[in-house]
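> Quick one: the structure is below, questions incoming.
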Amino acid sequence: MAKKNEEILRKPEWLKIKLNTNENYIGLKKMMRAENLHTVCEEARCPNIHECWADRRTATFMILGSVCTRACRFCAIKTGLPSEVDWDEPRRVAESVQKMDLKHAVITTVARDDLRDGGAAVYAETIRKIRELNPYTTVEVLPFDFNGNKENIKTLMDARPDILNHNIETVERLTKRVRAKAKYRRSLEMLRYCKELQPDIPTKSSIMIGLGETHEEILQTMDDLLEHGVDILTIGQYLQPTRKHLTVKKYYTPLEFGKLRKIAMEKGFKHCQAGPMVRSSYHADEQVNAAARRRQEEGDKIRQGE
């Protein structure tokens with residue numbers, strides 16, 4: 001939250017977005033309301049919603065309701081007591097993926113600390129239902145940390161998503177201030193455990209910058225993620241959703257993002273997307289394809305050396 005007399009940084013020109021409410025955008029919005037579905041695009045006030053909905057016709061579904069049990073200081077999603085579990089939601093999500101003819105579907109969720117399994121069973125059923133109706137659609141999941149409960153994490157991973165995405169969000173020093181209830185090391189352990197359960201499934205994480213982190217801390221976060229088996233990294237600019245949320249400490253330039261991407265690739269990530277408007281599910285289909293290509297290339301090199 002902005003303090004009294006605290007200077008609010010003005011958004012630079014490269015963060016100005018073009019609004020596009022064409023037929024794709026309007027059609028997707030109507031479909032989400034008709035099916036009583038939620039998207040993180042809307043609930044988290046994603047700046048890319050017009051590009052994704054209007055131009056690319058993609059969306060990130062948010063299951064298990066629209067109310068979160070946590071109150072992270074960077075996030076615009078409503079906090080409170082969530083609704084009861086809707087067991088018909090997996091079917092509706094799968095049918096919407098079919099109607100949208102998605103090649104790649106991203107499924108995220110609010111934190112459900114109120115549920116014994118954290119919503120893992122509904123999550124897994126959503127993956128299965130999507131596969132039943134859309135056998136050629138790849139599925140990416142973006143869960144919360146399940147409070148580190150390995151049984152719940154295993155329930156999700158047993159459904160074999162095509163990619164597991166869990167966001168570290170920020171550097172270790174700022175985690176307590178930025179992320180409610182979440183812990184930096186717990187997120188790393190979750191990523192490591194997911195890779196241990198399903199070594200062939202790519203893992204992915206994201207970091208927001210502009211919250212007061214140092215360059216050295218960004219590099220250390222990269223190293224920590226690599227040490228815990230993460231394949232794909234996304235880096236984006238933190239944007240303050242409302243005046244009640246954390247203020248932006250720095251706007252990074254596109255050039256600075258480009259340098260961070262170069263460093264990430266040199267360190268060993270299979271793919272890195274970095275830019276002012278990048279979010280964890282931004283152009284997610286391209287990220288998966290790029291990581292798969294790099295894995296194939298590495299495999300070819302190993303075989304050629306045998």
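The values are calculated or read from the model by the stated rules, or taken from the named source; none is laboratory data. What you see is a predicted model; the values in this text were computed from it and never measured. Virtual Cβ from ideal backbone geometry, glycine too; neighbours counted across all protein chains shown. When the accessible area is computed, the model is the full protein with side chains, heavy atoms only, and any ligands, DNA or RNA have been set aside. Shrake-Rupley method; radii C 1.70, N 1.55, O 1.52, S 1.80 Å.
> Mind checking which lysines have their Cα closer than 23 Å to the Cα of Lys30? Skip sequence neighbours fewer than 8 apart in that chain.
Correct list for Lys30: Lys18, Lys78, Lys99, Lys103, Lys129.
> Could I ask something else about it? Once neighbouring chains are kept in place and the probe is 1.4 Å, which whole percent of the accessible area of the stretch 211-259 is contributed by carbon and sulfur?
55
> Based on the Cβ-Cβ distance of Ile8 and Met265, what FRET efficiency does E = 1/(1 + (r/R0)^6) give at R0 = 41 Å, to the nearest 0.05?
Efficiency, from the Cβ-Cβ distance: 0.75.
> Considering only protein heavy atoms, what per residue accessible area in square angstrom results for the stretch 201-266 with a 1.4 angstrom probe?
Values: 2550 Å² over 66 residues.
On a per-residue basis, 39 Å².
> So, with a 1.4 angstrom probe, what is the percent of accessible area on the stretch 92-179 that is carbon and sulfur? Please list the in-between numbers first.
Values: 1600 of 3510 Å².
Percent of accessible area from carbon and sulfur atoms in the stretch 92-179: 45.
> Listed highest first by mean packing, meaning other Cβ atoms within 10 Å per residue, what order do 266-278, 109-121, 226-238, 175-187 come in?
Those peptides, ordered most packed to least, come out 226-238, 109-121, 266-278, 175-187.
> Still on this structure: I need the peptides 200-208, 95-103 ranked by packing, meaning the mean over residues of other C-beta atoms within 10 angstrom, with the highest value on top.
Per-residue Cβ counts within 10 Å, averaged per peptide and sorted highest first, yield 200-208, 95-103.
> In addition: At 1.4 Å probe radius, can you tell me the per residue accessible area of the stretch 78-146 in Å²?
45
> Residues with amide H under 5 Å of Thr108's amide H, sequence separation 5 or more or different chain, H placed in the peptide plane at 1.01 Å from N; which?
Those lying under 5 Å, H to H, from Thr108 are Phe61, Met62, Ile63, Leu142.
> May I pose another question? Which of the residue pairs Lys181/Lys250; Lys204/Lys270; Lys11/Lys250 have a Cα-Cα distance greater than 18 Å in the structure shown?
Table pairs above 18 Å Cα-Cα are Lys181/Lys250.
> So for the stretch 193-245, what percent of the C-alpha to C-alpha distances run longer than 14 Å?
So the portion of pairs separated by more than 14 Å is 60 percent.
> Compute the distance from the alpha-carbon center of the stretch 145-207 to that of the stretch 77-116, in whole Å.
Here the two parts' Cα centres lie 18 Å apart.
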